[in-house]
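Participant: Here's a structure for you.
No lab work stands behind these numbers, since they all come straight from the coordinates. As the structure is a computational prediction, the values presented were derived from the model and not from experiment. No Cβ is skipped: glycine too gets one built from the backbone with ideal geometry, and neighbour counts run over all protein chains shown.
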Amino acid sequence: MTGLLIILCFALIVIIALQIGKVTDITNKIKGEVEAQNSTNRRVGVYFLIFMVVFLIASFASAIYYRNYMLGFGPHESASEHGGSLDFIFKLTLWVTLIVFVLTQIALFYFAFRYRGNSGRKAMFFSHDTKLEVIWTGVPAVAMALLVIGGLDAWNEVMADVGPDEEYMEFEATGYQFAWALRYPGEDGKLGERDYTMINGSNPLGQDWTDEANWDDIHVNEIVLPVGKKVRVRITARDVLHSFFLPHFRVKMDAVPGMPTYFVFTPSKTTAEYRAQLSQYPEYQKPDPNDPEKQLWETFDYELACAELCGNGHFSMRKVVKIVKQEEYDKWLAEQKSYYLTAIRNTDQDPFNGELLPGETAPEEPVVEEENETETGGE
Amino acid sequence: MANVVTKTSELDRSDFLIQEFGYDDHFHDHHHGDKYQSNFISTYIFSQDHKMIAKQFLITGMIWAIIGAAMSLIFRMQLGFPEESMAWIKPLLGKWITVNAEGFGTLSQDFYYSLVTLHGTIIVFFVLTAGLSGTFSNLLIPLQIGARDMASPFLNMLSYWFFFLAGAVMLSSLFVSTGPFSGGWVAYPPLSALPQASMGSGVGMTLWLVSLVLFVVSVLLGGINYITTVLNLRTKGMGMWRMPLTIWSFFLTAIIGLLSFPVLASGFFLLMLDRGLGTSFYLSEIFINGQVLDQVGGSPILYQHLFWFLGHPEVYIIILPAMGLTSEVLSVHSRKPIFGYKAMVYSMMAIGFLSFIVWAHHMFMSGVNPFIANFFVIFTLIIAVPSAVKVFNWITTLYGGNIRFNSASMYAIGFVSMFISGGLTGIFLGNSAIDIQMHDTYFVVAHFHIVMGVAAFFGMFAGVYHWFPKMYGRFMNETLGKIHFWGTLVGAYAVFGPMHYLGVAGVARRYYSFDVFQAFGHFDGMNKFITIAAIVTFVFQIIFVVNFFYSIWRGKKVTTKNPWQAPTLEWTTPIRPGHGNWPGKLPTVQRWAYDYYSDEEGKDFTEQIEPLKDDEKSVH
């Protein structure tokens with residue numbers, strides 16, 4: 001039935017179109033070609049002017065309406081230290097392009113209106129003007145140079161890896177179809193070695209258990225980071241390309257199988273601070289549809305998304321990111337259990353099954369309580 | 001001499017000039033019986049006549065445009081109205097719609113991604129490369145440079161049929177049980193290399209690759225022909241600097257295509273080897289579906305380099321012909337020479353050259369060394385300079401004109417507006433610092449749809465309305481053309497304008513649903529608006545299709561050889577030129593393509609075949 005209606009609608013459009021076409025052919029014949037073209041020119045010229053006004057008003061009105069979703073405006077402020085410099089380049093480019101946009105669109109449509117044809121008039125002959133052309137080659141070149149300098153300055157600072165003496169923490173995000181596996185280095189601050197051939201059901205990341213650095217590595221289900229501390233994310237992929245995207249932090253980097261990538265950033269606002277900031281904006285003072293007891297700002301969380309098409313579940317690779325104060329972070333970290341000790345130790349996966357690890361005293365009673373099952377390891 | 005020339009009546013003036021000054025190549029002495037157009041098959045199907053091949057490209061391109069656009073409507077409905085049942089479209093899509101017990105139909109995720117992928121592939125390659133450059137290069141190169149046909153009519157015919165074959169293979173992928181390829185039109189491995197990575201990466205991807213390799217063959221056959229024809233078959237007097245900008249744009253487009261498409265093909269061949277023979281050009285250290293793969297040492301980034309080495313020039317392969325058509329149409333209907341002719345040519349050359357050294361700006365966030373962005377950002381933003389020059393020149397062409405508004409010139413003006421709007425957002429994306437946030441968001445979608453999708457369509461429409469009289473000896477209906485124009489102009493801005501806001505808010509592209517993320521979920525109203533605007537804009541395109549086919553048979557007849565009063569050579573041929581284009585001698589070119597000096601006879605232009613007056617100096 002719907003199909004039939006759609007076909008009928010299309011047929012109707014076709015018929016109407018043909019009728020309109022016929023009518024205008026006849027009216028043009030009555031008016032005479034030249035006069036018909038003249039009156040068309042007058043009308044269309046005015047339409048272009050009207051379009052220009054409506055178009056510019058619509059552009060500005062929508063920009064003002066949606067300003068709170070733009071980078072660096074309203075609640076959409078960057079939650080990382082480097083984000084501000086990117087937002088600045090964005091704003092700078094926005095103003096430069098806005099001026100060019102308005103001037104050129106006005107010139108285009110105004111000239112179309114102003115020089116609409118009339119059979120009694122002749123066009124002026126104006127084929128080139130070297131001075132003008134030099135100016136409008138030179139001005140964009142200078143403007144672009146400024147944007148390039150500003151942009152690359154910010155880029156090189158943002159993308160730089162951590163220096164040798166710099167203090168930072170590291171964690172690892174591994175994309176796979178269709179989720180992120182997150183690994184923290186544990187007490188030693190080092191992520192253990194991985195070998196993709198060792199991946200199996202109980203070793204989702206292919207950690208090499210003979211590497212001591214792996215023994216205290218932690219598998220977690222959400223990213224928790226202390227505010228104000230430099231973080232280096234090691235980004236890897238297990239199967240196809242993914243992209244590690246933290247929209248609120250202006251962080252994005254592809255996850256490539258076989259080639260670890262990284263992104264270094266410093267969170268500058270805790271989740272609580274960001275929520276407080278959102279609470280001032282009416283669009284976040286509405287009840288959350290998923291949790292009607294609370295308002296949107298109260299349920300807000302930073303998010304990790306995938307930004308490189310990776311298959312049919314690409315849109316669902318969500319993880320929550322929590323930025324907390326250092327004390328809270330330390331407390332959280334202390335609660336996390338080593339994946340090796342809780343899930344691998346003394347199973348057939350463990351290369352030291354039945355042997356003593358260095359520093360371990362009683363094989364029957366390991367230092368870490370065995371019955372404490374992790375809720376986060378594996379999948 | 002001037003006296004003799006002015007005495008002839010206006011109607012057969014061009015005939016007289018060709019008779020008097022033309023160049024006799026004895027073409028018709030050698031082509032008795034006209035073997036090219038002797039029966040139905042050689043006239044309409046396996047035609048070797050460039051004008052017929054142009055029409056074949058155009059109509060095939062139109063069919064693909066309708067298919068590609070209809071696909072976008074289906075996935076836009078999923079994005080705008082996920083809460084509405086899609087059960088009604090099940091008769092068409094079959095198993096790709098799952099209907100649950102309550103009768104609620106959902107579009108399958110796999111097929112959603114197939115639609116997104118095919119929409120991109122079809123529009124970029126089949127419509128805006130073959131349909132645009134294929135149509136107008138074929139139609140206009142021989143006509144505007146004064147040639148009988150292409151240098152190799154046979155290769156030209158093959159070029160069309162390879163394109164047709166590519167289309168047939170692509171279409172067939174819709175009917176395989178695992179569905180068409182679904183990994184995005186860029187087809188990044190490993191997703192595209194591993195059949196186990198997604199449903200569409202199996203047979204669907206194989207067909208996709210075969211189709212595009214056939215397509216590359218088509219583009220290369222066409223390109224060699226265009227270049228050879230422009231270089232060798234220009235008529236007497238047609239120096240390079242006397243060529244209309246259309247020919248310059250087709251010529252440069254063909255060169256760019258010839259240099260970049262083979263690289264795409266080689267990238268595809270390596271991908272085929274990875275898929276079929278267990279090589280590891282693009283694959284390394286992969287664990288998928290519970291299986292450890294043997295391939296080690298390849299890099300998916302190598303594919304991205306090869307792909308974008310075509311992929312970036314490809315956007316200029318699409319936009320340069322549209323620029324050429326726009327320049328010509330604007331000039332003719334403003335009754336003025338195109339402003340800064342040489343600057344236009346040099347800026348196209350600059351764009352063409354730069355297009356080869358900016359490809360990695362698609363890969364800032366792909367894991368390449370961040371240092372190389374320094375190089376690519378600089379060259380990318382330099383492209384803004386020749387682009388700006390072109391925009392200023394178009395605007396100045398209008399300045400002081402006597403603009404005749406019709407569907408063609410309105411689309412040309414619309415092209416400039418779109419090119420400005422879409423070009424400016426490129427300045428954001430080309431700057432790697434901003435690209436960190438914008439990459440793979442709706443901002444990119446908005447940018448390239450406006451600057452190369454909509455703008456190229458506008459150029460194409462301007463060309464179709466303008467040269468339709470040359471193709472079919474009839475005019476397209478003007479009122480329908482204008483309704484089509486306003487609907488498309490407003491509609492296109494309504495569809496793609498709002499996407500900028502989605503993009504700056506960080507909403508990622510290629511998402512099946514925005515419900516999973518809080519950050520992407522604020523835009524239900526906007527997504528509905530975009531979907532409705534897309535449907536309405538699509539309906540306006542039906543008006544174009546109706547107008548096109550109606551006008552072929554029933555449109556107003558062209559009664560004079562030069563209905564737009566244009567100086568270029570194609571309007572000196574008979575109203576419906578036969579094979580060989582000019583019935584007797586070939587015209588000889590006496591002046592450049594943009595002579596709009598006022599003339600004492602009341603004419604405001606001078607045809608290219610008009611000899612210089614005694615006291616006149618040649619402009620070029």
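Participant: Nothing charged except the Cβ atoms of Lys and Arg (+1) and of Asp and Glu (-1): what's the magnitude of the dipole of chain B about its Cα centre? Round to the nearest 20 debye.
Facilitator: Using only the charged Cβ atoms, the result is roughly 660 debye.
Participant: Moving on. Which one, B:VAL124, B:LEU283, A:PHE113, projects farthest toward the positive side of the charge dipole computed for the protein assembly as shown from Cβ point charges (K/R +1, D/E -1)?
Facilitator: Checked the options; the winner is A:PHE113.
Participant: While we're here: Which of the three applies to the range A:169-344, rounded, prolate or oblate, going by the alpha-carbon gyration tensor with a ≥ b ≥ c and a/c under 1.5 meaning rounded?
Facilitator: prolate
Participant: Take the alpha-carbon centre of the range B:97-122, take the same for the range B:331-366, and report the distance between them in whole Å.
Facilitator: Taking the Cα centre of each part, the range B:97-122 and the range B:331-366 sit 38 Å apart.
Participant: Further question on the same structure: Mind giving me the FRET efficiency for B:LEU612 and B:TYR44? R0 is 45 Å, r the Cβ-Cβ distance, nearest 0.05 is fine. Spell out each step's value before the answer.
Facilitator: Numbers: r = 42 Å, r/R0 = 0.93.
The formula returns an efficiency of 0.60 here.
Participant: Does chain A classify as rounded, prolate or oblate by the C-alpha gyration tensor (a ≥ b ≥ c root eigenvalues; a/c under 1.5 gives rounded; else a/b over b/c gives prolate, otherwise oblate)?
Facilitator: Working: a/c = 2.86, a/b = 2.25, b/c = 1.27.
Prolate.
Participant: Separate question: Determine the distance separating the Cα centre of the range A:136-214 from the Cα centre of the range B:479-540; give it in Å without decimals.
Facilitator: The distance from the Cα centre of the range A:136-214 to that of the range B:479-540 comes to 34 Å.
Participant: Sticking with this structure for a sec: Hey, got the average number of other protein chain Cβ atoms within 10 angstrom for residues in A:80-86?
Facilitator: 2
Participant: So for B:ARG335, A:ARG234, A:ARG67, fewest C-beta neighbours within 10 Å to most, what's the order?
Facilitator: With the sparsest Cβ surroundings first, the list reads A:ARG67, A:ARG234, B:ARG335.
Participant: A further question on this structure: In debye, nearest 20: dipole of the protein assembly as shown around its Cα centre with unit charges on the Cβ of K, R (+) and D, E (-)? Show your work: numbers first, answer last.
Facilitator: Details: 67 positive and 88 negative charges, 1378 e Å.
Result for the protein assembly as shown is approximately 6620 debye, rounded to the nearest 20.
Participant: Quick one: order A:LYS29, B:LYS90 by neighbouring beta-carbon count within 10 Å, fewest to most. Present the calculation step by step, with values, prior to reporting the outcome.
Facilitator: Values: A:LYS29 11, B:LYS90 15.
Placing the least packed residue first, the sequence is A:LYS29, B:LYS90.
Participant: How many Cβ atoms of partner chains, on average, are near each residue of B:512-520 if near means within 10 Å of its Cβ? Numbers along the way, then the final one.
Facilitator: Numbers: counts 5, 2, 1, 4, 7, 9, 10, 12, 5.
Rounded to a whole number, the mean comes out at 6.
Participant: Straight-line reach only, C-alpha to C-alpha below 22 angstrom: list the lysines that B:LYS90 could link to, leaving out same-chain residues fewer than 8 apart.
Facilitator: B:LYS528
Participant: Quick check: from the Cα gyration tensor, does the range A:294-351 come out rounded (a/c under 1.5), prolate or oblate?
Facilitator: oblate
Participant: Put +1 on the Cβ of each Lys and Arg and -1 on the Cβ of each Asp and Glu in chain B; which of B:PHE111, B:GLY80, B:VAL546 then has its Cα farthest toward the positive end of the dipole?
Facilitator: Looking along the dipole axis, the top candidate is B:VAL546.
Participant: Using just the helices of chain A, give the 222 nm mean residue ellipticity in deg cm²/dmol: DSSP H runs with n ≥ 4 each add -39,500 (n - 2.57), and the total is spread over all residues, rounded to 500.
Facilitator: Helix contribution divided over all residues of chain A: -13500 deg cm²/dmol.
Participant: Express in nm, to one decimal, how much length is gained between A:ASP348 and A:ILE50 on full extension, taking 0.36 nm for each residue of separation and deducting their alpha carbon distance.
Facilitator: 99.6 nm
Participant: Quick one: compute the contact order of chain A, relative version, from alpha carbon pairs under 8 angstrom and 6+ residues apart, as a percent.
Facilitator: With pairs under 8 Å counted, the relative contact order is 15 percent.
Participant: Taking a quarter of the surface of the Cα convex hull of the protein assembly as shown, what do you get in nm²?
Facilitator: For the protein assembly as shown, averaging the hull's shadow over all directions gives 43.1 nm².
Participant: When the dipole is taken about the Cα centre of the range A:169-344, and only Lys, Arg (+1) and Asp, Glu (-1) are charged at their Cβ, what size is it in debye, to the nearest 20?
Facilitator: Details: 20 positive and 27 negative charges, 107 e Å.
Using Cβ point charges on Lys, Arg, Asp and Glu, the range A:169-344 gives about 520 debye.
Participant: Okay, next question. Can you tell me the equivalent ellipsoid semi-axes for the range B:380-526? Use √(5λ) from the Cα gyration tensor, largest first, whole Å.
Facilitator: 33, 20, 11
Participant: Still on this structure: Looking only at other chains, what is the average number of their beta-carbon atoms within 10 angstrom of each beta-carbon in B:491-502?
Facilitator: Going residue by residue through B:491-502 and averaging, the value is 2.
Participant: Using Cα atoms only, what is the angle between the long axis of helix B:300-334 and the major principal axis of chain B, expressed in degrees (0 to 90) to the nearest 10?
Facilitator: Rounded to the nearest ten degrees, it is 30.
Participant: Now a separate question. Starting from the Cα of B:PHE353, move 7 Å in the Cα-to-Cβ direction to define the label point; list residues of the range B:221-255 whose amide nitrogen is under 13 Å from there.
Facilitator: What the label zone holds, given the 13 Å backbone N cut-off, is no residue at all.
Participant: Separate question: Working from Cα positions, state the angle (0 to 90°, nearest 10) between the long axis of helix A:2-31 and the longest principal axis of chain A.
Facilitator: With both axes taken from Cα atoms, the answer is about 30 degrees.
Participant: Obtain the nm distance between the two label points defined at A:ILE106 and A:ILE26 by a simple spin-label model: each point lies 7 Å from its Cα along the Cα-to-C-beta direction.
Facilitator: Once both label points are built, they end up 4.5 nm from each other.
Participant: Follow-up question, since we're still on this one. Count the net charge of all other residues whose Cβ sits under 12 Å from the Cβ of B:MET410, scoring Lys and Arg as +1 and Asp and Glu as -1. Intermediate values should be presented prior to the final figure.
Facilitator: On the way: positive: A:ARG43, A:ARG116, B:ARG404, B:LYS482; negative: B:GLU478.
Counting the neighbours of B:MET410, the net charge comes to +3.
Participant: Right, something else. Could you let me know the centre-to-centre spacing of the range B:50-79 and the range B:252-321, using Cα atoms, in angstrom?
Facilitator: 26 Å
Participant: Helix B:245-276 sits at what angle to the longest principal axis of chain B, using alpha carbons and giving 0 to 90 degrees rounded to 10?
Facilitator: Tilt of helix B:245-276: around 30 degrees.
Participant: Quick one: net charge of A:ASP87's neighbours, Cβ under 15 Å, K/R +1, D/E -1?
Facilitator: Details: positive: A:ARG67, A:LYS91, A:ARG250, A:LYS252, A:LYS269; negative: A:GLU77, A:GLU81, A:ASP153, A:GLU157, B:ASP435.
Charge balance in the 15 Å sphere: 0.
Participant: Which of the listed residues, A:ALA255, A:VAL324, A:PRO267, is farthest toward the dipole's positive end in the range A:169-344, when Lys, Arg count +1 and Asp, Glu count -1 at the beta-carbon?
Facilitator: Toward the positive end, the furthest listed residue is A:PRO267.
Participant: A follow-up question, please. Determine, for B:VAL495, B:VAL99, the number of other Cβ atoms within 10 Å of each Cβ, and report the residues in order from fewest to most. Please report the intermediate quantities before stating the final value.
Facilitator: On the way: B:VAL495 25, B:VAL99 13.
So the residues, fewest neighbours to most, are B:VAL99, B:VAL495.
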